[in-house]
Amino acid sequence: MNSIALQLNKSLEGTQAGSLLSEMGKRFFFPRGIIAQAAEASKKATKYNATAGMAFNNNQPLILSSIKNSITGLEAKDYITYAPTPGDRELRELWLEKIKIKNPSIKEIHTSLPIIVPGLTSGISNCADLFLNPGDNIVIPDLHWGNYDLILKTRKEINIHTFKFFRDGRINIQSLKETLISSAKNGKVSLLLNFPNNPTGYSPTKSEAESIAQAIKDVALMDIKILVMADDAYFGLFYEDEIYKESIFSLIANLHNNVLAVKIDGATKEDYAWGLRVGFITFAGKGLTKEHTDALEQKLMGSVRSSFSSSPKLSQNLVKKALLSLDYSRDKAEFESLMKARYLKVKEILEKRTNGKRLKELPFNSGYFMTFETTPGYNERLREELLEVGVGTIALGDTSFRIAYSSVDKSNLEDLFSIIFSVSDNLQ
Ligand SMILES: Cc1ncc(COP(=O)(O)O)c(C=O)c1O
């Protein structure tokens, strides 16, 4: 094994992070060569700097005029050149500052500096590389984003064990705990949670969030090491007072020495920048010091460097500009109230409905979606029938039927649901 990797493994020895590393994770390191040499050259190479694999003319990057003319408000050097492997330092610091503002209970808790990845999908995939071997077990809710299957099962041959997300309209924490215990293998198990949840649009109440953390702690107390990944894609879109308004990461970040918390978030949905591909990975865990999180960052940088190399600089600078902009808070408040108004409208429609009763709504209080439970197979027939009348919906698995009310104007929601209900009623 590479000597830098061995050194990083040594730094992590005795920690939950060290014990949770996959075989690939153990091998990961960030080669010092190019970065160190380029940094040295940037100070000393006053005559010619022939280190970077880019093309410059008169100290300016070459750039096609059609690209240059399409982008105003940024200088070419701020988007056409490579971004650093872990991402723009200023943006990473800014994002961490925002995480701590949005999650005040971890204000004083040490975390790594977020590493930038091209979206949350990449965040989950790179974390899985770092911590999960093929054949390892991961626990996720039975109601989950379909791409988890593709990333974890199809791509990485990880065994997915699902727990029942709901029981009697609440999160089924007993099922979560039992599934964690039964899935533990060689003293290790992983958990991936996503709130607000896709597809249901449900986020835990304060007491549910605390019970989830307690369940994880109970398992940790059984001498089981647990990796907890929080997929916070839809963070912040909370429409009811009783919801726990921080990420579940806050309750895990300092929970127990056997627990490693990873926050995977990004501008994708939180900042309405879906196609920019800016996501972040942040680590924390009880007992983890800066030396430990630095080692984790170096390992993750090895994963980044060996997969997508670095995230787009243009996107990073656009997001940074947005976060620093005076319009940011106002725009976000406006969009949030737009989403909340749609949520309230959907609630009102469901409360008043007199038809479509074959569709049983699952609890929802946040995010982009709501989901109906159907009888097996009915969801797909309904989806196909709705397409015939020009309405697009999503059938998931055998019994879930998801509506992204986030993408339909409030003024059209009444019509949308009335079509869904009447098509459903007319379907044999
Ligand atoms: C739960 C969840 N996580 C992650 C993502 C994807 O995020 P990104 O587009 O940043 O890869 C989605 C997108 O639909 C999602 O629903």
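Kindly indicate whether any position in the range 175-183 is closer than 22 Å to E242 by Cα and part of a helix (DSSP H, G or I). Full working, then the answer.
At the first step, the residues of the range 175-183 found to be closer than 22 Å to E242 by Cα are 176.
Adding the requirement that they be part of a helix (DSSP H, G or I) leaves 176.
Looking through the range 175-183, at least one residue is closer than 22 Å to E242 by Cα and part of a helix (DSSP H, G or I).
Would you pick out the residues in the range 182-192 that are closer than 19 Å to M222 by Cβ and not charged (D, E, K, R)?
Initially, the range 182-192 is screened for residues closer than 19 Å to M222 by Cβ, giving 182-191.
Selection gives S182, S183, A184, N186, G187, V189, S190, L191.
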(message) Restricting to the range 318-333, give me the number of residues that are surrounded by fewer than 16 Cβ atoms within 10 Å (Cβ to Cβ) and either of a type in the set (K, R) or not in a helix (DSSP H, G or I) (or both).
(response) 6
(request) For L416, work out the one condition from (1) touching a Leu at 6+ places or on another chain (Cβ under 8 Å); (2) open to solvent by less than 30 Å² (accessible area, probe 1.4 Å) it doesn't fulfil. (result) (1)
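Conditions tested, residue by residue: (1) under 20 Å from the mean Cα position of the chain (by Cα); (2) charged (D, E, K, R); (3) not assigned by TED's automatic domain parsing to the domain that holds G25.
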| position | (1), (2), (3) |
| --- | --- |
| K345 | no, yes, yes |
| K357 | no, yes, yes |
| N365 | yes, no, yes |
| E373 | no, yes, yes |
| Y405 | no, no, yes |
(request) Please enumerate the residues belonging to the range 126-156 that are within 9 Å of the ligand (Cβ to nearest atom) and under 15 Å from G302 (Cα atoms). (result) none
(message) Looking at I151, I140 in this structure, which one is part of a helix (DSSP H, G or I) and either buried (at least 22 other Cβ atoms within 10 Å of the Cβ) or in the same structural domain as A273 (by TED's automatic domain parsing) (or both)?
(response) I151
(message) Quick check on my filter: what residues within the range 351-378 are open to solvent by less than 10 Å² (accessible area, probe 1.4 Å), under 22 Å from G236 (Cα atoms) and either touching a Leu at 6+ places or on another chain (Cβ under 7 Å) or of a type in the set (S, T, Y) (or both)?
(response) S366, G367, T371
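Filter the range 203-230 down to the residues that are within 16 Å of the ligand (Cβ to nearest atom) and either at pLDDT below 95 or out of contact with any Gly (no Cβ under 8 Å at 6 or more places or on another chain) (or both) and list them by number.
Residues of the range 203-230 within 16 Å of the ligand (Cβ to nearest atom): 203-204, 228-230.
Selection gives P204, V228, M229, A230.
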(message) Residues to consider are N186, N198, N159, N194; find the one that is without any contact (Cβ under 8 Å) to a residue 60 or more places away in the chain, in contact with an Asp or Glu (Cβ under 9 Å, 6 or more places away or on another chain) and surrounded by 24 or more Cβ atoms within 10 Å (Cβ to Cβ).
(response) N194
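Yes or no, residue by residue, for (1) polar (S, T, N, Q); (2) outside any loop (DSSP other than H, G, I, E, B); (3) within 21 Å of the chain's Cα centre (by Cα):
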site	(1), (2), (3)
G275	no, yes, yes
L288	no, no, no
E291	no, yes, no
Q298	yes, yes, yes
M301	no, yes, yes
V304	no, yes, yes
S309	yes, no, yes
Q316	yes, yes, yes
S337	yes, yes, no
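The values are calculated or read from the model by the stated rules, or taken from the named source; none is laboratory data. This is a predicted model, so every value here is computed, not measured. Note: ideal-geometry Cβ built from the backbone for every residue, glycine included; neighbour counts use all protein chains shown. All accessible areas refer to the heavy atoms of the entire protein, side chains included, with ligands and DNA or RNA removed. Shrake-Rupley method; radii C 1.70, N 1.55, O 1.52, S 1.80 Å.
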